[in-house]
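Some notes on the structure that comes next.
The values are calculated or read from the model by the stated rules, or taken from the named source; none is laboratory data. Model, not experiment: these values are computed from the prediction. Reconstructed Cβ throughout: ideal geometry from the backbone, glycine too, with neighbour counts over all protein chains shown. The accessibility values were calculated without ligands, DNA or RNA, using every heavy atom of the protein model including side chains. Shrake-Rupley method; radii C 1.70, N 1.55, O 1.52, S 1.80 Å.
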Amino acid sequence: MADVCARFGCTESELVEDLELLFLCGLYPYTPDVLIDVDVADGRVWIRYADYFARPLRLTPADGLVLLAAGRTVLAASGDGDGPLARGLDKLAAAMGVDAGEAVEIELGPVADDLLGTLRAAAAAHRQVELDYYSFGRDDRTRRVVDPYAVFSAGGQWYVSGWCHRVDDERLFRVDRISSATLLDTTFEAPATPPELAAYRPDPGDRRVTLDLEPSARWVVDQYPVEAVEEVDGGRIRVTLAASQPAWLERLLLRLGPAATVVGGDGGMAGEAARRLLARYQG
């Protein structure tokens, strides 16, 4: 244990605390044969594990980049530039052939500092805000009073989650689509644990659209909540996704262009969107 503590720069009590969590680690279905077993006795540590740890796991370049970005985020928060995490990230960066300090550049959606500050202050003080908000899916702009639960970043964008009094339901708002936020004097009682909200929650009655996508349009699967994916010939895929708002579907189809073929469910929206676009340019 002394050697391990010296190697990772921790105390013996910190090491034991970490080791006590190892028996919770393993693979699905988490039966005893795929869990990690740890014994600590007489100043020594024995770790017994399943065959999947018999040799180092191979990371794909994408896996390594995600791990490097997450590690650098934790390192920036801790400020420990010489600890075991920093040394491990340096080794990972060297194996990937990148500069550990400049490997990842994260650029969030453009948001005014004063707007972000107002939303954060409202969430911290449990005060309501009035938002001037643009709904991308409906192509509509509205004003609404919101109880902001949390302000956070995800997927390269800033979001605020909370209770929307306009629809009497919990909603997730993209901050770059908020034109203005007015801090109100009215307070609210926030839930003890803010719910995990999705940017889009399809209803059973929403329209379902099936598209055949060329290989160049596979990004749709990663960017939008598709309900079914099927491999077709020539590297193409067939996807089914919910489209509650025609404006959103029209923009997606126009963006995809010839890389997408509507198999069914659009109700003629693709043709209508194309006609309106042509009319605008011809005019």
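Below, the figures for the structure above:
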quantity	calculated
Tally, over the range 203-221, of residues that are in a helix (DSSP H, G or I) and without any contact (Cβ under 8 Å) to a residue 12 or more places away in the chain	1
Search result, residues across the range 75-96 that are at pLDDT below 80 and open to solvent by 70 Å² or more (accessible area, probe 1.4 Å)	ALA76, ALA77, SER78, ASP80, ASP82
Elements of type strands (runs of 3 or more DSSP E) in the range 145-191, at least 3 residues being hydroxyl-bearing (Ser, Thr, Tyr) and touching a residue at least 12 places away in the same chain (Cβ under 8 Å)	178-187
Selected residue (criterion: farthest from ALA95 (Cα to Cα)) from residues of the range 44-66 that are surrounded by 10 or more Cβ atoms within 10 Å (Cβ to Cβ) and modelled with pLDDT of 85 or more	ARG44
Top-ranked residue of the range 146-168 - restricted to ones that are more than 22 Å from the chain's Cα centre (by Cα) and either open to solvent by 40 Å² or more (accessible area, probe 1.4 Å) or among the hydroxyl-bearing types (Ser, Thr, Tyr) (or both), ranked as farthest from PRO110 (Cα to Cα)	ASP168
Criterion violated by GLY283 - all others in (1) at pLDDT below 75; (2) surrounded by 15 or more Cβ atoms within 10 Å (Cβ to Cβ); (3) over 23 Å from ARG138 (Cα atoms) satisfied	(2)
Unique match (being modelled with pLDDT of 85 or more, more than 23 Å from GLU272 (Cβ to Cβ) and open to solvent by 60 Å² or more (accessible area, probe 1.4 Å)) among ARG218, ARG236	ARG218
Looking only at the range 122-139, and only at residues there that are open to solvent by 50 Å² or more (accessible area, probe 1.4 Å) and touching a residue at least 40 places away in the same chain (Cβ under 8 Å), the one that is nearest to ASP176 (Cα to Cα)	TYR134
Looking only at the range 1-43, and only at residues there that are part of a strand (DSSP E or B) and surrounded by 15 or more Cβ atoms within 10 Å (Cβ to Cβ), the one that is modelled with the lowest pLDDT	GLY26
Filter result (in a helix (DSSP H, G or I) and modelled with pLDDT under 85) within the range 97-139	ASP113
